[in-house]
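Novice: Structure in structure tokens, see below.
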Amino acid sequence: MDEMDEGQMDPDVYQQMEAMEEEGAEGDGGYGYDYDALKAIIEKNEDEGADHVEKARGANYISKGTYIWQLLAQIETGEQAISFFAKHGHNTPIKFVNCKRKPVPGDQFRPYDLVITGDDEKALEGEYFTISAQGVVHVSRAEGRAGSSKADAPAPTEFLSLSEWMQQSTLFNVLTSMNFFKHYIIGKVFKLWKGNVRFKTYNRTRQSLSRNLIQTRPAFLPNFLEINRILFEMQTRKTFAVPSNSRTMDLTDFVNDQK
Amino acid sequence: MIKAHYTDRVDEIITGRLAELVTEVTESRTLKEEEDLEHAKMGQAAKHKSMVLQKQEDALKNRVLKLARRNYQSLGTFIRLVDYMVVETQVIINQESADLILAEMAKEQKKYGIQTAVSYAAEGMSFEPAKSEFITQFEKILADMQSVTEEVNRVISHQDFHHYIHGLISDSGPRFRTIVEQSEQYQDSKAAISKRINDDFEEL
């Protein structure tokens, strides 16, 4: 039962019940379950489960082939490790397991999905997680983000209790199931791609313009600038002349002044 | 006087800039062959170049001639561009002049004024010159301003450029008067001037 999730029954119990059912079906045609026999099976199974837990907790070290060794071998993910420690605490010889991030495709971000490293010591050179009965320790020896002011400083080691880790993991899963966050990375990459394409098109247009615009050609440029200067000079004088003398005049005089 | 100012500037563009440019670009289409010059060196030993150097020179010459031909073909477009720029300047001058009248009218403390005589009668007041006369005269001033600007020579009308712009335009290009009459900004300024005169008379 130890290696099974809660609510699942040991396969041995199933086999025994099936055998009883077959016997009963051949005999009196009923279901074939005998109360005493069932009780015996369940008690035996409970006893065996209790024995297993006792064995696990009573073991002093992990030797190959023992029950505790089997338990350790069955732990493959961070979640399984957490559930193991949540169940057994620090009463077993398994005091901690090391995990690393689960490799995921580039378009996904799953920071709470972990897999155990086992005996792979190289996995501990970079970023890794140590899960124990107390909590999860996140060790990152990787350098900080390139371009940041703290480029050479490693990220600090972080500790989270098992309950905090589970809460954050659950929240993360809930949030990432929302459409906005679910498609965020794809949307971000698409936006980046779109921006790059637009910039490339803009550059191409700019180059094309600089190559083909008449006024930018060396033969025309000096004259173009000079013509602009002359036209600006032309604009400086308006067709309406503001009377310079402070006086009151007739309408006719005013009109004549403008001629 | 003001007309002379505009005409001089446009003439400077036509004769001083464009005509020179046309000559330069036209001449740049033909390069003097060095070999021809070398043949002219009578009695002197001709220096022979290596084939590689000759090829490089030929490629460079071809490139320069190609650019020169391209520039020559663009002359008509450039002349049209300058013509558009001149017309745009005319439109700007006209608009800014109309705005200047309006700004002068809106000034609180004016150094000058235009006088009108007021007559009182049993039927009410009458003005001499009347409001309508003021409006008519100001409209005339605006029309004269347009005429002064419009009478400046067009770049594309110059006979030396006909050859280059032939086939590039179907009519006479942008028309100053059409642009001004269709300009909402100018029409607004014109209406504002009439309204200002009207309001001033109403206040009396």
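The values are calculated or read from the model by the stated rules, or taken from the named source; none is laboratory data. Note that the structure is predicted; figures quoted are calculated from it, not measured. When we count neighbours, we look across all protein chains shown, and the Cβ atoms used for this are built from the backbone with ideal geometry, even at glycine.
Novice: Residue by residue through segment A:216-245, note down the ones that are more than 26 Å from residue B:5 (Cα to Cα) and either more than 7 Å from chain B (Cβ to nearest Cβ) or among the small types (Gly, Ala, Ser) (or both).
Specialist: The answer is A:216, A:218, A:219.
Novice: Sticking with this structure for a sec: Has segment B:179-202 got at least one residue that is more than 14 Å from chain A (Cβ to nearest Cβ), surrounded by 14 or more Cβ atoms within 10 Å (Cβ to Cβ) and hydrophobic (A, V, I, L, M, F, W, C)?
Specialist: Checked segment B:179-202: at least one residue is more than 14 Å from chain A (Cβ to nearest Cβ), surrounded by 14 or more Cβ atoms within 10 Å (Cβ to Cβ) and hydrophobic (A, V, I, L, M, F, W, C).
Novice: Residue by residue through segment A:29-46, note down the ones that are at pLDDT 75 or above and outside any helix (DSSP H, G or I).
Specialist: A:34 - this is the single residue of segment A:29-46 that is at pLDDT 75 or above and outside any helix (DSSP H, G or I).
Novice: Tell me which residues, restricted to segment A:177-202, are under 17 Å from residue A:105 (Cα atoms) and among the charged types (D, E, K, R).
Specialist: If the condition is that a residue be under 17 Å from residue A:105 (Cα atoms) and among the charged types (D, E, K, R), then A:182, A:188 are the ones that fit.
Novice: Taking the residues in segment B:90-142 that are part of a loop (DSSP other than H, G, I, E, B) and over 18 Å from residue A:251 (Cα atoms) as candidates, determine which candidate is nearest to the chain's Cα centre (by Cα).
Specialist: B:107
Novice: Show the residue pairs meeting these rules: Cβ distance below 8 Å; 6+ apart or different chains; first residue within segment B:10-27 and at negative phi; second residue among the polar types (S, T, N, Q).
Specialist: Final answer for the pair search is B:10/B:153; B:11/B:153; B:14/B:153; B:17/A:223; B:18/A:223; B:20/A:223; B:21/A:223; B:25/B:71.
Novice: Starting from residues that are over 14 Å from residue A:224 (Cβ atoms) and among the β-branched types (Val, Ile, Thr), keep the ones in segment B:1-21 and report whichever is surrounded by the fewest Cβ atoms within 10 Å (Cβ to Cβ).
Specialist: B:15
Novice: If residue B:99 passes every condition in (1) surrounded by 12 or more Cβ atoms within 10 Å (Cβ to Cβ); (2) more than 21 Å from residue B:196 (Cβ to Cβ) but one, which one does it miss?
Specialist: Here residue B:99 meets the rest and fails (2).
Novice: I'm told residue B:157 meets every condition in (1) modelled with pLDDT under 85; (2) exposed (fewer than 15 other Cβ atoms within 10 Å of the Cβ); (3) small (Gly, Ala, Ser); (4) assigned to a loop (DSSP other than H, G, I, E, B) except one. Can you identify the failing condition by its number?
Specialist: Among (1) modelled with pLDDT under 85; (2) exposed (fewer than 15 other Cβ atoms within 10 Å of the Cβ); (3) small (Gly, Ala, Ser); (4) assigned to a loop (DSSP other than H, G, I, E, B), the lone unmet condition for residue B:157 is (1).
Novice: While we're here: Given the criteria closer than 26 Å to residue A:122 by Cβ and at pLDDT below 80, does residue A:61 qualify?
Specialist: yes
Novice: Right, here's the next one. Cβ-Cβ distance below 9 Å, separation of 6 or more or different chains: which pairs start in segment A:78-98 with a residue that is surrounded by 15 or more Cβ atoms within 10 Å (Cβ to Cβ) and in a helix (DSSP H, G or I) and end on one that is at pLDDT 90 or above and of a type in the set (D, E, K, R)?
Specialist: Close Cβ pairs (under 9 Å, with a partner that is at pLDDT 90 or above and of a type in the set (D, E, K, R)) amount to A:78/A:102; A:78/A:113; A:79/A:113.
Novice: Among the residues in segment B:144-151, are any more than 21 Å from the chain's Cα centre (by Cα) and either away from chain A (no Cβ under 14 Å) or within 23 Å of residue A:245 (Cβ to Cβ) (or both)?
Specialist: Looking through segment B:144-151, none of the residues is more than 21 Å from the chain's Cα centre (by Cα) and either away from chain A (no Cβ under 14 Å) or within 23 Å of residue A:245 (Cβ to Cβ) (or both).
Novice: Hey, another quick one. Is it the case that segment A:58-66 has a residue that's among the polar types (S, T, N, Q), touching a residue at least 24 places away in the same chain (Cβ under 8 Å) and surrounded by fewer than 17 Cβ atoms within 10 Å (Cβ to Cβ)?
Specialist: Scanning segment A:58-66 turns up at least one residue that is among the polar types (S, T, N, Q), touching a residue at least 24 places away in the same chain (Cβ under 8 Å) and surrounded by fewer than 17 Cβ atoms within 10 Å (Cβ to Cβ).
Novice: Can you find, within segment A:246-255, the residue that is farthest from residue B:25 (Cα to Cα) among those that are in a helix (DSSP H, G or I) and within 7 Å of chain B (Cβ to nearest Cβ)?
Specialist: A:251
Novice: Follow-up question, since we're still on this one. Considering only segment B:81-93, how many residues are more than 10 Å from chain A (Cβ to nearest Cβ) and touching a helix residue (DSSP H, G or I) at 6+ places or on another chain (Cβ under 7 Å)?
Specialist: Selection size over segment B:81-93: 2.
Novice: Could you please let me know if residue A:174 is at pLDDT below 90 and part of a helix (DSSP H, G or I)?
Specialist: no
Novice: State whether one or more residues within segment B:38-45 are in a helix (DSSP H, G or I), surrounded by 10 or more Cβ atoms within 10 Å (Cβ to Cβ) and either aliphatic (A, V, I, L, M) or modelled with pLDDT of 85 or more (or both).
Specialist: Within segment B:38-45 (the criterion being in a helix (DSSP H, G or I), surrounded by 10 or more Cβ atoms within 10 Å (Cβ to Cβ) and either aliphatic (A, V, I, L, M) or modelled with pLDDT of 85 or more (or both)), the answer is no, since none of the residues qualifies.
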